[in-house]
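Below is one structure, written out as structure tokens; comments come after it.
The values are calculated or read from the model by the stated rules, or taken from the named source; none is laboratory data. As the structure is a prediction and not an experimental result, all values here were calculated from the model. Because the Cβ atoms are built from the backbone with ideal geometry, glycine has one as well, and the counts that use them run over all protein chains shown. Surface accessibility is based on the protein's heavy atoms, side chains included, excluding ligands, DNA and RNA. Shrake-Rupley method; radii C 1.70, N 1.55, O 1.52, S 1.80 Å.
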2 protein chains.
Amino acid sequence: MAKVVVHVMPKAELLDPQGAAVISALGRLGFSGATDVRVGKRFELTFDREPDEVEIRKIASTLLTNEVIEDYDFQVEVTA
Amino acid sequence: MAKVVVHVMPKAELLDPQGAAVISALGRLGFSGATDVRVGKRFELTFDREPDEVEIRKIASTLLTNEVIEDYDFQVEVTA
């Protein structure tokens, strides 16, 4: 068994409206000091075998990421 | 400066409709072997100081997580 964790985040150069919303909410709730917030997605995929890197990149880029506005990275954890 | 990464995932015992959608899409695209997929959120918060654990837990539980259906974990990376 293998667990693949894929993180998909908005490209750094793009405005992140969700992040901006969190920053203003932090201010309203009295939390100070936040200078930047970025909001993305975390996928935890469990496989009954260990997928190779090419396959993981294909899954991440074709299915999980909008490569125009997002970047991804991944880690593989082999569990059993 | 400190970067706090908060991961918010659906509670393990709950059905994850987004995850189910990804699994069926994987099958349609010819990727075999996926037994479970869970989809959650990743927040990257940058602070101009190092927030303490109590503050981070308060931010995560009140603002970033719906504690009825989600769990969270976090890591602090001190950068400068």
Result of the Cβ filter at 6 Å on the stretch B:27-53, keeping first residues that are within 7 Å of chain A (Cβ to nearest Cβ) and partners that are of a type in the set (Lys, Arg) and outside any strand (DSSP E or B), at least 6 apart or interchain, is B:Gly33/A:Arg49
With respect to A:Val68, is the statement that it is among the aliphatic types (A, V, I, L, M) and under 30 Å from B:Phe31 (Cα atoms) true? yes
Would you be able to say whether some residue in the stretch A:46-66 is within 16 Å of A:Val5 (Cα to Cα) and touching a Lys or Arg at 6+ places or on another chain (Cβ under 7 Å)? yes
Over the stretch B:8-23, the set of residues part of a helix (DSSP H, G or I), of a type outside the set (Gly, Ala, Ser) and at the interface with another protein chain (Cβ under 10 Å from one of its Cβ atoms) is B:Gln18, B:Val22, B:Ile23
Can you find, within the stretch A:51-66, the residue that is least open to solvent (accessible area, probe 1.4 Å) among those that are assigned to a loop (DSSP other than H, G, I, E, B) and modelled with pLDDT of 95 or more? A:Thr65
Which of the residues that make up the stretch A:24-50 are buried (at least 18 other Cβ atoms within 10 Å of the Cβ) and outside any strand (DSSP E or B)? A:Leu26, A:Phe31
